[in-house]
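Here's the structure we're looking at; comments come further down.
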Amino acid sequence: MEAFHALFHPSAVSDTVRALILRVRLPRILAALCVGANLAVSGAVFQGLLRNPLVDSRILGVSSGAAFGAALALLLTHSAVYVQLFAFGFGLLAIFIVYGIGLRFGSSILILVVTGILVSAFYNALLGLIKYVADPLNTLPAITYWLLGGLSGARWSNLWPLLLITIFGITFFLLIRWRLNLLTLSETEAIALGINIRRSRFAVLFVAALLVASSVAMSGVIGWIGLIVPHAARALVGPDHARLIPASIGIGAFVLLVLDDVSRTAMATEIPLGILAGLIGIPVFLLLFMRLLRERGGWR
């Protein structure tokens, strides 16, 4: 009730309550909704475009690039602005490297996936180097805590870029969700239907990477949302992207909002979202995997 009054009748609550809800809780709620929706829809897009149900936003090195950029910024300066800028920039650099190499050698699905794995591994090696040379008393703990993921730093001052990119990316995928079905076909079939496969694939991958990079820049690395949520949405509405994309957006936003509430209230100290997502996501994924094996009658 106090939250309702703070939003619509500010004079009915105290200044402390109003400031807590409007300046702390509301930005964090919006950040959770945006990050959850972004990671989920990007995972659904990657799984469909790469025709692999076991991939998520990490497959093309975007998350690893953003993590390295944030760690580099924390090593050089503790400014939150530079952390977000570096994370965002290196995350996008990863997708340009992956697609640039893929474009040079045919841009097939296999080349994109293998290049993405290599770029991700290289970024992880650079991240390990930064952690090795970082000050173990100040910088290293800051890097480690940021990599665990969380939304405690969400404020209006740093939320606007995420909001704008989320609105753009979600709108983009909602408008082309029927066309995404065509991009899941083989290149020969897509070309026969009049689809410019290279241009369309780059546009989709770029916007998905944009959503992931902006989310990681805000929240750190939060795994499993982009892998589990699309499977849950697919179980509810089927594989048609016309229904899968909206379902993934809604479920992803709701799941991360609930996880954020649990992370704040389950213990006296806040549980990092990356840890909480792993603790819940891994058993759920195992259940989905066993269900798939049971439906197929075993591994083939």
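No lab work stands behind these numbers, since they all come straight from the coordinates. Fair warning: this is a prediction, and the values are worked out from it, not measured in the lab. Positions of Cβ are backbone-derived with ideal geometry, glycine not excepted, and every protein chain shown enters the neighbour counts.
With a point put 7 Å past each Cα toward its Cβ, work out how far Leu164 is from Leu129 in nm, to one decimal.
According to this spin-label approximation, the distance is 3.3 nm.
Calculated from DSSP H runs of 4 or more alone, at -39500 (n - 2.57) each and per residue, what is the 222 nm mean residue ellipticity of the chain, nearest 500? Don't skip to the answer; put the middle values down first.
Working: 14 runs with 229 residues, N = 300.
Calculated mean residue ellipticity at 222 nm is -25500 deg cm²/dmol.
Have a look at Thr265, Gly128, His241 and report the one farthest towards the positive end of the charge dipole of region 30-296, computed about the Cα centre with Cβ charges (Lys/Arg +1, Asp/Glu -1).
Going by the Cα projections, it comes out as His241.
Ranking Ile165, Ile271, Ile249 by Cβ neighbours within 10 Å, fewest first, what do you get?
So the ranking, lowest neighbour count to highest, is Ile271, Ile165, Ile249.
Given axes a ≥ b ≥ c from the Cα gyration tensor, I'd like to know whether region 33-79 is rounded (a/c under 1.5), prolate (a/b larger than b/c) or oblate.
oblate
List the relative contact order of the chain as a percent without decimals, with contacts defined as Cα pairs under 8 Å and 6+ residues apart.
Value for the chain: 29 percent.
For region 115-224, run through the trypsin sites (Lys or Arg not before Pro) and keep only the ones in DSSP coil with at most 14 other Cβ atoms within 10 Å of their Cβ.
Of the trypsin sites (Lys or Arg not before Pro), the ones in loops of region 115-224 whose Cβ has at most 14 other Cβ atoms within 10 Å are Arg155.
Using θ = phi - 60° and the Karplus form 6.51 cos²θ - 1.76 cosθ + 1.60, what ³J(HN,Hα) does each residue of region 62-67 get, whole Hz, x for Gly and Pro?
For region 62-67, the Karplus curve yields 5, 5, 5, x, 5, 5 Hz.
Take His78, His241, His231 and order them by how many other Cβ atoms sit within 10 Å, fewest up front. Don't skip to the end; give the middle numbers.
Working: His78 12, His241 24, His231 21.
With the sparsest Cβ surroundings first, the list reads His78, His231, His241.
Using only the alpha-carbon atoms, how far is helix 156-175 inclined from the longest principal axis of the chain? Give it as 0 to 90 degrees, nearest 10.
For 156-175 against the chain, the angle is about 30 degrees.
What does the charge dipole of region 30-296 about its Cα centre add up to, to the nearest 20 debye, if the Cβ of each Lys and Arg holds +1 and the Cβ of each Asp and Glu holds -1?
Dipole magnitude for region 30-296 comes out near 520 debye.
Counting other C-beta atoms within 10 Å, which of Ser79, Ser152, Ser214 has the fewest, and how do the rest follow?
Fewest-to-most ranking of Ser79, Ser152, Ser214: Ser79, Ser152, Ser214.
Treat every Asp and Glu Cβ in region 150-300 as -1 and every Lys and Arg Cβ as +1, leave all other atoms uncharged, and give the resulting dipole magnitude about the Cα centre to the nearest 20 debye.
For region 150-300, the charge dipole is close to 360 debye.
Report the Cα-based extents of the chain along its three principal axes, largest first, to the nearest Å.
Principal-axis extents of the chain (Cα, largest first): 64, 46, 38 Å.
With everything on Cα atoms, drop me the angle between helix 225-237 and the longest principal axis of the chain, reported from 0 to 90° to the nearest 10.
So the helix axis and the longest Cα principal axis differ by about 70 degrees.
How high is the relative contact order of region 216-300, in percent, counting Cα pairs under 8 Å that sit 6 or more residues apart?
33 percent
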